[in-house]
1. Have a look at 9, 40 and point out the one that is in a loop (DSSP other than H, G, I, E, B), out of contact with any Lys or Arg (no Cβ under 8 Å at 6 or more places or on another chain) and closer than 21 Å to residue 193 by Cβ.
2. Of all residues in the range 51-82 being part of a helix (DSSP H, G or I) and within 14 Å of the ligand (Cβ to nearest atom), which is farthest from residue 149 (Cα to Cα)?
3. Quick check on residue 234: is it polar (S, T, N, Q), over 20 Å from residue 125 (Cβ atoms) and away from the ligand (no atom under 16 Å from the Cβ)?
4. Let me spell it out: the conditions are (1) at pLDDT 95 or above; (2) more than 28 Å from residue 85 (Cα to Cα), and residue 161 meets all of them except one. Which number is the exception?
5. Give the number of residues within the range 185-202 that are within 16 Å of the ligand (Cβ to nearest atom) and not in a strand (DSSP E or B).
6. Within the range 12-37, work out how many residues are more than 16 Å from the ligand (Cβ to nearest atom) and assigned to a loop (DSSP other than H, G, I, E, B).
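The values are calculated or read from the model by the stated rules, or taken from the named source; none is laboratory data. Please read these numbers as outputs of a predicted model, since none were measured by experiment. Note that we place each Cβ from the backbone using ideal geometry, even for glycine, and neighbour counts take in every protein chain shown.
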Amino acid sequence: MTVVAHISDIHFGREVTEIVTALLADLAAAAPDIVVISGDLTQFGSHGEFAAARAFLDRIPAPCLVVPGNHDIPAFPVWEMLFRPYRRWRRFITQGLAPEWSNAAVLVKGVNSARPYGPYLNWSRGRIAPAQIAAVASAERDPRVLVVTAHHPVAYGDDTGRDYDLVTRGDALLATLAARPRSLILLGHRHRSHASLWSPADGERTAVTGAVLARDDVLILHAGTATSDRLRGQANSWNLITLAEAGVGIEMRQYTAAGWASATRLDLLWSGG
Ligand SMILES: [Fe+2]
């Protein structure tokens with residue numbers, strides 16, 4: 001059994017100190033094998049925010065796999081945004097933009113979907129390059145569970161407002177994940193948690209407990225903002241994911257007046273598991 005803690009959008013610069021402190025304790029109690037952080041570690045990408053994010057990572061009692069979000073590319077100075085957008089990320093967080101972690105049962109791959117600019121007006125929009133999809137496709141025959149993480153949404157889930165754009169080539173990434181069994185994708189950006197299934201034939205549908213994942217089903221999980229005050233209709237949250245031989249358990253942890261607590265629980269089965 002492999003335990004994955006999925007946290008996102010911690011946004012140092014807009015963090016709530018008591019929630020950060022409580023999250024570190026909640027993570028320690030969960031004792032995950034790996035903590036996956038799906039971007040937006042900072043609010044404006046300042047040196048101070050990155051230093052605070054680094055100090056936070058150093059206090060997590062587990063290995064961390066981290067990908068950038070759109071907020072982790074500093075807007076100023078403009079030359080840095082345009083020509084060295086990941087300079088601070090590399091200095092404070094990690095060198096690689098395609099991190100990997102694995103054990104005998106699970107392979108985790110990070111995909112950087114953040115870009116300083118693109119052929120669209122929405123600055124916060126993300127993009128995935130064909131080479132990044134090829135890197136994910138290289139795991140097509142790997143028998144382990146594949147967990148991919150990126151910042152930007154590949155599907156809208158239950159969002160009716162749709163006040164953000166889906167990541168460019170997200171559909172190609174989903175199709176690549178669907179070409180192999182037992183694939184998950186962990187995302188952020190929306191600041192609202194959600195679980196859904198996606199397959200080429202059926203598209204996206206809500207994941208419900210007891211569902212059996214077909215060979216070409218991809219499990220899409222969004223985490224909310226773990227520690228910031230930038231709430232969008234939902235409390236702070238993170239996802240505690242248990243990957244077992246028979247299936248996947250997802251416990252959505254939510255911050256309440258009494259501290260971190262279990263809000264919802266979802267259990268899904270692998271077909272043939
Ligand atoms: Fe965010």
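1. Result: 40 is the single residue among 9, 40 that is in a loop (DSSP other than H, G, I, E, B), out of contact with any Lys or Arg (no Cβ under 8 Å at 6 or more places or on another chain) and closer than 21 Å to residue 193 by Cβ.
2. If we take residues in the range 51-82 being part of a helix (DSSP H, G or I) and within 14 Å of the ligand (Cβ to nearest atom), then 53 is farthest from residue 149 (Cα to Cα).
3. Judged against the criteria, residue 234 is not a match.
4. The single condition residue 161 does not satisfy is (1).
5. Here the count works out to 6.
6. Summing the residues that are more than 16 Å from the ligand (Cβ to nearest atom) and assigned to a loop (DSSP other than H, G, I, E, B) in the range 12-37 gives 3.
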